[in-house]
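Peer 1: I am attaching a structure below and will ask some questions about it afterwards.
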Amino acid sequence: FQARQDGLSTMVYAPVADPYDPQRLALLGEFRHALGAGQIELYCQPKVAMASGAVIGAEALVRWRHPARGLVPPSEFIPLIESTELIHALTAHVLREAVRQSYAWRQEGMAVPIAVNLSTRNLNAGNIAHQLQTLLADWGGSPDWIGLEITESSLIADPGTSIAQLNALSQLGFQLFIDDFGTGYSSLNYLTMLPVDVIKIDHGFTTTMLTDKRAAAIVKATIDLAHDLGMAVVAEGTASREIWDALAGYGCDEAQGFYVAPPLPAGEFADWVRNRAFRMP
Ligand code: C2E
Ligand code: MG
Ligand code: MG
Ligand code: MG
């Protein structure tokens, strides 16, 4: 790992095809230990309604608090972990923490749903609905506590299983999001087959839309498409006042991004909401 300018730590590991690569195996072993040792922490980033500024949700984003390397962002380890069966242990951990945090928030009178990111393998394994029902029963919770974010690409590997899973989750009452919209290779026709409630525009388009006309065209078209299909839209990467204003002009429903707030340690989120750290421009 090396120090990055933003203070987060970066990995020197470059993914290789060889599954027995010693560095790969060492990192997987280290991650397995980290999960058990409580080093995988939940951060929560708010999503706000653009019309009112009200906090209407949070996204759970993990970080690895490594004892020697500092705070490691998910981009440095998620791709490796989701290429292995270890992703099941990670997702189970995140779901557990998300439900536990939801319970704590409700004890404080705050009812904000948390969305958890699912990987391809999670959907194809087919027991997410059961896991969630068990967890929620343990904490006296209900499906409106938890949302689930699925990328387009996670549907491609096994569309039949994925769609069946998503239908089951949707019927139970979990809110479903299509994440990183526009970056995958799925057919737009998928959108009409999926029980999805909200489309999330990838931050790659949002953060460049003010200088790149093509990105702006994709943002605008995605918002119109979602609305025509009866879905809502969240723009990830709402990083500045100028981006917020442009999105509002396009009729975007919800915003998530550094202009509103960065991902916050889960334990600090409720304070942030109470202190109204975000004010409408
Ligand atoms: P994602 O699900 O698309 O999450 C949104 C990412 O956009 C987060 O990066 C967030 O910090 C970043 N972001 C938010 N606002 C802004 C902004 O204004 N500008 C820019 N440039 N970026 C912004 P993060 O936390 O580094 O997570 C990266 C990815 O790691 C996530 O992308 C998700 O795919 C994955 N990930 C994180 N936690 C989990 C997890 O628990 N399970 C799984 N399977 N994947 C996870
Ligand atoms: Mg996400
Ligand atoms: Mg995303
Ligand atoms: Mg993304």
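Every number in this text was worked out from the coordinates using simple rules, so none of it is lab data. Just so you know, these numbers come straight off a predicted model, no measurement behind them. In this analysis, Cβ positions are derived from the backbone assuming ideal geometry, glycine residues included, and neighbour counts consider all displayed protein chains.
Peer 1: Given the options Pro46, Pro265, Pro19, state which has the largest fluctuation in a GNM of the chain using a 10 Å cut-off (strictly under) for Cα springs.
Peer 2: Pro19
Peer 1: When the chain is modelled as a GNM with alpha-carbon springs shorter than 10 Å, which of Lys47, Lys213, Lys200 fluctuates the most?
Peer 2: Looking only at Lys47, Lys213, Lys200, the biggest GNM fluctuation is shown by Lys213.
Peer 1: Then there is this: Compute the FRET efficiency between Asp271 and Tyr20 as 1/(1 + (r/R0)^6), taking r as their Cβ-Cβ distance and R0 = 41 Å, and round to the nearest 0.05.
Peer 2: Details: r = 46 Å, r/R0 = 1.13.
Here the calculated transfer efficiency is 0.35.
Peer 1: So how do Thr192, Thr208, Thr134 line up by other beta-carbon neighbours within 10 Å, fewest first?
Peer 2: Sorted ascending by nearby Cβ count, the order is Thr192, Thr134, Thr208.
Peer 1: Let me ask something else about it. With a point put 7 Å past each Cα toward its Cβ, work out how far Leu71 is from Ala49 in nm, to one decimal.
Peer 2: 3.0 nm
Peer 1: Using r as the Cβ-Cβ distance of Ser142 and Arg214, and R0 as 35 Å, what FRET efficiency do you calculate, to the nearest 0.05?
Peer 2: The formula returns an efficiency of 0.25 here.
Peer 1: Per residue, how much space in cubic angstrom lies within the convex hull of the C-alpha atoms of region 144-281?
Peer 2: That works out to 119 Å³ per residue.
Peer 1: In a Gaussian network model over the chain where Cα atoms closer than 10 Å are linked, find which of Glu242, Glu59, Glu97 has the largest mean-square fluctuation.
Peer 2: Top of the fluctuation ranking is Glu242.
Peer 1: Shifting gears a bit: When the helix-only estimate is applied to the chain (DSSP H runs of n ≥ 4, each -39,500 (n - 2.57), divided by the residue count), what is the mean residue ellipticity at 222 nm, nearest 500 deg cm²/dmol?
Peer 2: -12500 deg cm²/dmol
Peer 1: For Thr211, Thr151, which order do you get if you count the other beta carbons within 10 Å of each Cβ and list the fewest first? List each step's numbers first, then the result.
Peer 2: On the way: Thr211 8, Thr151 21.
Placing the least packed residue first, the sequence is Thr211, Thr151.
Peer 1: Given 4 °C and 1.567 mPa s, how large is the Stokes-Einstein diffusion coefficient of the chain in µm²/s, with Rh as the Kirkwood radius over Cα pairs?
Peer 2: Here the translational diffusion coefficient equals 66 µm²/s.
Peer 1: Based only on other Cβ atoms within 10 Å, what is the fewest-to-most ordering of Met110, Met231?
Peer 2: Numbers: Met110 14, Met231 18.
Ranking Met110, Met231 by Cβ neighbours within 10 Å, fewest first, gives Met110, Met231.
Peer 1: Report the extension gain between Ser153 and Asn167 in nm, rounded to one decimal, defined as 0.36 nm multiplied by the number of residues separating them, less their alpha carbon distance.
Peer 2: Details: separation 14, 0.36 × 14 = 5.04 nm, distance 1.74 nm.
In short, 3.3 nm is gained.
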